[in-house]
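Here the structure comes first, spelled out in structure tokens, and everything after it is commentary.
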Amino acid sequence: MIEGVKNLPINTYVDDRGYLTQIVQETDGVMPPVKRIYVTGNFSKGIIRGYHKHSREWKGFFVPSGAAKFVLVDDRKDSSSYKQIDTHVMSPASPSILVIPTGVYNGWMSLADNTIVMGISTDPFDKNNPDDERIPPDTYGDVWTVKGR
């Protein structure tokens, strides 16, 4: 796994009324304090969002509906996992939060129609002082294809 990246399982509590999934409570010590939460949805499977990385901002991701394949690439030259590529498949079937530190390219592809991804960010969005670097989704080759096993 890429240094500093965490894919932490989270608990869902179920009773006869339904369920409750607590995603983050005071960031539970897994990332700096949260400043922004947002939701992104893809209408159909196969849509790719990425790649981008941040120099100040940490990200957390949670998938409450559908399924998503996340691809991460460590771009921190001083990291022990520099240029390593990691993939994570996330869905409500196995709820988790994916924590991504600064300097790691990340993107995701919906594996199911109407996939929803919740983004958890340590920085507010500031269009006058952007903190992202974007590259094409094919920069690291064919990492998005779902291969038969």
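Bear in mind these aren't lab numbers, they're just calculated from the coordinates by the rules spelled out. Just so we're clear, the structure is a prediction, and the values are computed from it rather than from any experiment. Please note: Cβ atoms are built from the backbone with ideal geometry, for glycine as well, and neighbour counts cover all protein chains shown.
Points to keep in mind about this one:
- Within the stretch 69-122, considering residues that are out of contact with any strand residue (DSSP E or B) (no Cβ under 6 Å at 6 or more places or on another chain) and of a type in the set (Lys, Arg), the one nearest to ARG36 (Cα to Cα): ARG76
- No other residue among LYS45, LYS35 is surrounded by 15 or more Cβ atoms within 10 Å (Cβ to Cβ), charged (D, E, K, R), under 30 Å from GLN22 (Cα atoms) and touching a residue at least 60 places away in the same chain (Cβ under 8 Å) apart from LYS45.
- Considering the stretch 107-149, the residues that are among the hydroxyl-bearing types (Ser, Thr, Tyr) and touching an Asp or Glu at 6+ places or on another chain (Cβ under 8 Å) include one that is nearest to GLY41 (Cα to Cα), namely SER121.
- Residue in the stretch 44-54 that is within 13 Å of the chain's Cα centre (by Cα) and at positive phi present: yes
- Of the residues VAL63, VAL71, the single one that is touching a residue at least 60 places away in the same chain (Cβ under 8 Å), out of contact with any Lys or Arg (no Cβ under 9 Å at 6 or more places or on another chain) and within 20 Å of PHE43 (Cα to Cα) is VAL71.
- Restricting the first member to the stretch 93-107 and to residues that are closer than 12 Å to ALA68 by Cα, and the second to residues that are in a strand (DSSP E or B) and small (Gly, Ala, Ser), the beta-carbon pairs closer than 9 Å and six or more apart or on different chains are LEU98/GLY60; GLY107/GLY50.
- Residues (part of a loop (DSSP other than H, G, I, E, B), β-branched (Val, Ile, Thr) and exposed (fewer than 14 other Cβ atoms within 10 Å of the Cβ)) located in the stretch 8-32: VAL30
- Filter pass, LYS53 being under 18 Å from GLU133 (Cα atoms), of a type in the set (D, E, K, R) and in contact (Cβ under 8 Å) with a residue 24 or more places away in the chain: yes
- Test set (1) touching a Ser or Thr at 6+ places or on another chain (Cβ under 6 Å); (2) assigned to a strand (DSSP E or B) - ILE37 fails condition number: (1)
- Residue in the stretch 98-149 that is nearest to VAL63 (Cα to Cα), counting only those that are among the hydroxyl-bearing types (Ser, Thr, Tyr) and exposed (fewer than 15 other Cβ atoms within 10 Å of the Cβ): THR145
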